[in-house]
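Following: one structure in structure tokens, then a few remarks.
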Amino acid sequence: MKDYLQVFDLTLDDLVHLLDLSSAFRAAPHGAPDVLRDEIVFCYFDKPSTRTRVSFHAAIARLGGEAEFVGPAELQLGRGETVEDTAMVISRYARAAVIRTFRHDDVVRFARAATIPVINALTDTHHPCQALADLLTVRDHKGGFAGLRLAYVGAGNNVAHSLVQAAAMTGIHVVVSTPPQLAPDPTVMSEASAIAEAARSVIEWTADPTEAVKAADVIYTDVWLSMGDPPEQAAERRRTLVPYRVDEQLMELAAPDAVFMHCLPAHRGDEVVPAVIDGPRSLVADQAENRMHTEQALLYALVGGELRGRDR
Ligand code: CP
Ligand code: NVA
């Protein structure tokens, strides 16, 4: 396996191996072999980022390498050079590439033309690095995945898609709750359902958030307006999504020891109230920290050719 563009690129064994490696790196962060020594990792960010950008920088440094961060204005891409030529050239300099952009297809094209590992650091459709950190956080706090029920409430796009894929592989029962017009991509949902069946799990969608969170062990939400969404939709989304706000009443319907998760950045008062995200059930700080450990594991395993990958 060369690239990590979506969670379904991994086999279940790959996924478990990455989580185990992440825990080991977390326990001894500077004990890993410096597989990136004297190498650079090309990091292209076409959207803002706090966690992904800085956690990748730390992960690369912990493996002995250097991160080269660039945005669209600094590359000839912005003046019309093709994605393919860019990927071909970068492959001659860097040991791996980390890319955050809008269209998922652009990362697919880059990966196809590149001879180095390519990691999706968020597109409009997937956020697979977030899902790795989320799984590690769930495993740490719940002791495993089997039999867990996770409710995702809010707008159904990149973070929800990657979470659904991660849950489908690990046997977590997921209920996604969004307004119909903000429902997750039906292709992602049906592919996930097929994989979930094999893991004896279920992926469901409902428009009713109170139904979704009933007896849930984990309640997850994300911003209502994503970076690729038209800003003029903000007011309309705020009106539509009010019933999906994670507040104390919604948390009350979940299991008594339910935890709250959010990929961050958060908008307190929109998708979640301060009492929940800043309360004792919130795992957001651990999720954010685990980004660094899982990314260190991912880079290490991809560069070392340790992952088998799934034929899709
Ligand atoms: N969760 C996440 O990806 O955060 P950033 O946008 O800050 O990288
Ligand atoms: N759905 C959000 C996730 C941010 C990490 C966005 O795409 O803006």
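So how many residues does segment 248-296 have that are part of a helix (DSSP H, G or I), among the small types (Gly, Ala, Ser) and within 13 Å of ligand 1 (Cβ to nearest atom)?
Kept after step one, since they are part of a helix (DSSP H, G or I), are these residues of segment 248-296: 248-253, 274-277, 284-296.
Then drop every residue that is not among the small types (Gly, Ala, Ser), which leaves 275, 285, 288.
Going one step further and asking which of them are within 13 Å of ligand 1 (Cβ to nearest atom), we end up with 285, 288.
Residues meeting the conditions: 2.
Looking only at segment 100-129, filter to residues that are acidic (Asp, Glu) and in contact (Cβ under 8 Å) with a residue 12 or more places away in the chain; which one of those is farthest from ligand 1 (Cβ to nearest atom)? Let's see the steps before the verdict.
Taking segment 100-129 first, the residues acidic (Asp, Glu) are 105-106, 124.
Next cut, in contact (Cβ under 8 Å) with a residue 12 or more places away in the chain only: 106, 124.
Details: Asp106: 18, Asp124: 13 Å.
Applying the filter and picking the extreme gives Asp106.
Can you name the residue in segment 81-120 that is touching a Pro at 6+ places or on another chain (Cβ under 9 Å) and within 21 Å of Gly64 (Cβ to Cβ) and is also surrounded by the most Cβ atoms within 10 Å (Cβ to Cβ) among such residues?
Ala96
Is one or more of the residues making up segment 47-58 assigned to a strand (DSSP E or B) and touching a strand residue (DSSP E or B) at 6+ places or on another chain (Cβ under 7 Å)? Break it down into steps so the answer makes sense when it comes.
Filtering segment 47-58 for residues assigned to a strand (DSSP E or B) gives none.
No, because not a single residue in segment 47-58 is assigned to a strand (DSSP E or B) and touching a strand residue (DSSP E or B) at 6+ places or on another chain (Cβ under 7 Å).
Which of the residues that make up segment 83-92 are within 27 Å of the chain's Cα centre (by Cα) and farther than 10 Å from Thr115 by Cβ? Walk me through it before giving the result.
Step one: of segment 83-92, the residues within 27 Å of the chain's Cα centre (by Cα) are 83-84, 86-88, 90-91.
Val83, Glu84, Thr86, listed by residue number.
Any residue in segment 129-144 that is in a strand (DSSP E or B) and out of contact with any Cys (no Cβ under 9 Å at 6 or more places or on another chain)?
Going through segment 129-144, the residues in a strand (DSSP E or B) turn out to be none.
No, because not a single residue in segment 129-144 is in a strand (DSSP E or B) and out of contact with any Cys (no Cβ under 9 Å at 6 or more places or on another chain).
Here, each number is a calculation from the coordinates, and none is a lab measurement. Keep in mind it's a predicted model, so treat the numbers as computed, not measured. As a convention, Cβ positions derive from the backbone with ideal geometry for all residues, glycine included, and neighbour counts pool all protein chains shown.
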